[in-house]
Amino acid sequence: GAEQGEGGSLVGLQRKELYELKDKGYLFDDAREVVAICEGKIADFFGAPYCALTDCCSHAIFLSLQYLRAVGAIEKYDEIVIPKHTYVSVPMQIIHSELHVLFIDYPWQGSYKLLPTRIRDAAVTWKRDSYNAGELMCLSFQIKKVIPTGRMGAVLTDSKEAYDWIKLASYDGRDLNTPYDSPEHVKMIGWHYYATPEDAARTILLMDKITKEGDYMGSEDYPDVSLMIKDL
């Protein structure tokens, strides 16, 4: 099979998207640069200063919760309020973060906040310049979404600190600017939640083709997930 060389250089590729980017004039020497290109493209679309890619929206929400815990904005066993009509992984990420879920019945379209935090679940929205200052806005690129990458997520933020923390956490706590065998390479106990260069490349190609925008889906499109997990 194809593999990447030292530092993510192009030494044969598993999927064609990286070659397609080259053919379309995108310039990069290291496959990991494609992730940064994709982050910039998404940030510009939404009007956010920073975009941190993850492997899915569920993990974008989880890492956002972990960041808020790390900086003391929320604490273990705090109560997080979400609509009961949503995707089932959202309360699961809250529970995995050692927080309590409070379900309430209220309508939403396109996105909603995990109260009282500044995290916004925007998995079903794709709207230009819709980023709200101060928020951690979580996006989805699942196959049914407007940009159907297949499996990828992102966190939009206006905080360089939040961006750096989420990027570090998503790469197993690894500082990619230090040598792999350096004792300083791992900065924290993180998670294996990063987006691949190939998925980033596919996202760029799709964004160049797809022009529709809007808030797609809302509370009426989801079952009452509070009933699904109440006895688990």
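Per residue, the chain reaches -9000 deg cm²/dmol at 222 nm when only DSSP H runs of four or more residues are counted, each adding -39500 (n - 2.57).
If eta is 0.890 mPa s and T is 25 °C, what Stokes-Einstein diffusion coefficient results for segment 80-153, Kirkwood Rh from Cα pairs, in µm²/s?
In µm²/s, the coefficient rounds to 188.
Here the accessible area is traced with a 1.4 Å probe on the protein chains. For segment 107-179, carbon and sulfur cover 51 percent of it.
Relative to the longest principal axis of the Cα atoms of the chain, helix 57-70 runs at roughly 80 degrees. Our summary of shape: the Cα atoms of segment 20-100 have principal axis extents of 49, 29, 23 Å, ordered from largest down, in whole angstrom. In terms of distances greater than 24 angstrom between alpha carbons, the cross-link table entries Lys41/Lys160; Lys84/Lys113; Lys144/Lys212; Lys16/Lys145; Lys160/Lys209; Lys76/Lys113 yield Lys160/Lys209. Per-residue surface analysis assigns Tyr87 an accessible area of about 130 Å², computed on protein heavy atoms at 1.4 Å probe radius. Going Cα to Cα from Lys22, which aspartates and glutamates come in below 13 Å? Please leave out same-chain ones fewer than 8 positions away. Filter leaves Asp30, Glu33, Glu198. The average projected area of segment 57-112, computed from the convex hull of its Cα atoms over all directions, is 3.7 nm². Stokes-Einstein at 37 °C, 0.692 mPa s, Kirkwood radius from Cα pairs: D for the chain in µm² s⁻¹? After rounding, the answer is 179 µm²/s. The accessible area of Tyr216, taken with all protein chains in place and a 1.4 Å probe, comes to roughly 70 Å².
The values are calculated or read from the model by the stated rules, or taken from the named source; none is laboratory data. If you're wondering where the values come from, they're calculated on a predicted model, not measured in any experiment. Areas reflect the complete protein model, heavy atoms only, side chains present, ligands, DNA and RNA absent. Shrake-Rupley method; radii C 1.70, N 1.55, O 1.52, S 1.80 Å.
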